[in-house]
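Notes to accompany the following structure.
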Amino acid sequence: MTPKSLSAALAPEAQAARQTAYMTECRAVSFPRFCPDGAWVGPGGARQSGPLAIAWYAGGEVIREGITALRTCALISEYFSPVEEVWIGDQLCPDLTGLGTAEDWVFVKDGITCVALRSLALTDHGREKTVSVTSVGKARVVSFYNYEGLPGDFLGAEIRRTCGGLVYLMGSEGEYGSFAAFCAACATLQVTDCTYEGERRVTAQWGDHSVDVLWDMQSEGLFRAQRNGKFIGEPYLEYGTL
């Protein structure tokens, strides 16, 4: 996120411009296939429209042996310094770590940057927790679990039918007036996550931004992706009136 040691020396206008660049490019968060602590995350995809992004999870074709966790993770950089606040639902986490349920939002404050994450549909293969926020190296890790427990083996077909993922929202105190106001605005997010006949469709809309993806769970390929009602792809051709 915006390094505090650098942003403190910038004028408000420069801070806002710098923050807009971070928000637009979504640099503050990454969606890894492997977590730093060795948990399998698996292939999938992520699509973004401005401050709204979704990341979905697919476990892969091959057999996975000795797995202690299946989950989708978001890594929030703490390279320069830790984040300032972490909330899970309406509970403040004093040590910046905590546990939650699938229905809980995770809110993170770092300077003027505001981040919110919530899970997509989570297939339950047996787990001790659903949501966690931990510190690993120089990153704050937000995890949404399908499985956690003793080492287990998962067949490719079983993992292919597994659903997981997260929605990621980002804003700034300058845009919303306060961190609390940003958290309240997240309630307007609309999400659908539906699986039928081996296809998974995820749609998310927040304000003027929307993302719509159709994922083939068998071939693990992306059928279609739209951003703000337009298909994502290159080259892109559009003319005339439909």
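The values are calculated or read from the model by the stated rules, or taken from the named source; none is laboratory data. As the structure is a computational prediction, the values presented were derived from the model and not from experiment. A quick note on method: Cβ atoms are made from the backbone with ideal geometry, for glycine too, and the neighbour counts reach across all protein chains shown.
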*What are the pairs, 6+ residues apart or on separate chains, where a residue within region 214-231 that is crowded, with 17+ Cβ neighbours inside 10 Å has its Cβ under 6 Å from a residue that is among the polar types (S, T, N, Q) and not in a loop (DSSP other than H, G, I, E, B)?*
Arg227/Ser49
*asked:* If I filter region 81-95 for residues that are out of contact with any Leu (no Cβ under 8 Å at 6 or more places or on another chain), under 26 Å from Arg201 (Cβ atoms) and crowded, with 20+ Cβ neighbours inside 10 Å, do I get at least one hit?
replied: no
*Go through region 192-210 and give me each residue that's out of contact with any strand residue (DSSP E or B) (no Cβ under 7 Å at 6 or more places or on another chain), more than 18 Å from Met170 (Cβ to Cβ) and acidic (Asp, Glu).*
Glu197
*Give the number of residues within region 188-242 that are modelled with pLDDT of 90 or more, farther than 18 Å from Ala55 by Cα and of a type in the set (Asp, Glu).*
1
*Of the residues that make up region 34-51, is at least one in contact with a Pro (Cβ under 8 Å, 6 or more places away or on another chain), at pLDDT 75 or above and within 15 Å of Val142 (Cα to Cα)?*
no
_Of all residues in region 118-142 being under 30 Å from Tyr196 (Cβ atoms) and in contact (Cβ under 8 Å) with a residue 60 or more places away in the chain, the one that is surrounded by the most Cβ atoms within 10 Å (Cβ to Cβ)_ = Val142
*Quick one: would you say Val141 is at pLDDT 95 or above, under 17 Å from the mean Cα position of the chain (by Cα), within 18 Å of Gly44 (Cβ to Cβ) and not in a helix (DSSP H, G or I)?*
no
